[in-house]
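In what follows, a single structure is set out as structure tokens and then discussed.
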Amino acid sequence: MFRPMRRMNQELTTEEIEQIMKSVPTGILAVHGDNGYPYTVPLNFVYDNGAVYFHCSKSGHKIDAIKNNDKVSFCVVAKDKVIPQKFATDYYSVILFGRAKILSENDEIINTLKLINQKLAPDFSKEGNLEIEQAIDKVCIVKIETDHITGKAAIDGIRDTAE
């Protein structure tokens, strides 16, 4: 169903993919947008048990697109350093394909918001919990269940040069 990676020697291990997904704060969500155009948007996220979670408004382009077609792609770039003398880039990236689902249970929503707060503002858990209480009725949580995930790194010669 999904294409194999063309340059298998650059493929990341499952452990490397997990580390990137758990540490990088921002990813790019791609959905099937209005009038057949792709729509991409950067957003903060949390990765837990093989799924991506993010919060957003209950209305707008992103939510409308997900309601119309739950198939999405999500991309994370952990490193992006141009190496001019090699005419190349040193990078680590992950691409995920999955199905987006809007969560409706308050417990799931609260738990996800707490995970997001732990990742992005770990020193502000008290303030985060207060924010969660105030925003619970206004926020939407989307879960992307992974169908396929791959990670890729620059070739060895580029990584060696970038250090």
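Which whole-number value in Å² is the accessible area per residue of the range 1-79, probe 1.4 Å?
Accessible area per residue: 62 Å².
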Whole-number percent relative contact order across the range 1-87, with pairs defined as alpha carbons under 8 Å at least 6 apart: 30 percent
Given R₀ = 22 Å, FRET efficiency for ASN106-LEU43 by Cβ-Cβ distance, to 0.05? 0.50
Amide H contacts under 5 Å for LYS79, placed H, 5+ residues apart: TYR92
Could you look at the range 1-94 and say what percent of its accessible area is carbon and sulfur, using a 1.4 Å probe and all protein chains? 50 percent
Which of the trypsin sites (Lys or Arg not before Pro) found in the range 72-163 are loop residues per DSSP with 11 or fewer other Cβ atoms within 10 Å of their Cβ? LYS138
Calculated FRET value between ARG6 and LEU130, using beta carbons and R₀ = 45 Å, to 0.05: 0.40
CD proxy at 222 nm, helix term only [per DSSP H run n ≥ 4: -39500 (n - 2.57); per residue of the chain; nearest 500]: -9000 deg cm²/dmol
Euclidean distance of C-alpha centroids, the range 1-46 and the range 103-144, integer Å: 23 Å
GluC sites (Glu not before Pro), restricted to the range 34-136: which are DSSP loop and have at most 14 other Cβ atoms within 10 Å? GLU105
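About the Cα centre, and with charges only on the beta carbon of Lys, Arg (+1) and Asp, Glu (-1), how big is the dipole of the chain? Nearest 20 debye, please.
Dipole size: approximately 520 debye.
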Given DSSP loops and a limit of at most 14 other Cβ atoms within 10 Å, what is the longest stretch of the chain that contains no such chymotrypsin sites (Phe, Trp or Tyr not before Pro)? 3-86
Quick one: angle between helix 14-23 and the longest Cα principal axis of the chain, in degrees between 0 and 90, rounded to 10, please. 50 degrees
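The values are calculated or read from the model by the stated rules, or taken from the named source; none is laboratory data. The shown structure was predicted, so the numbers you read here are calculated from the model rather than taken from an experiment. Reconstructed Cβ throughout: ideal geometry from the backbone, glycine too, with neighbour counts over all protein chains shown. Ligands, DNA and RNA are excluded from the accessible area calculation, which covers all protein heavy atoms including side chains. Shrake-Rupley method; radii C 1.70, N 1.55, O 1.52, S 1.80 Å.
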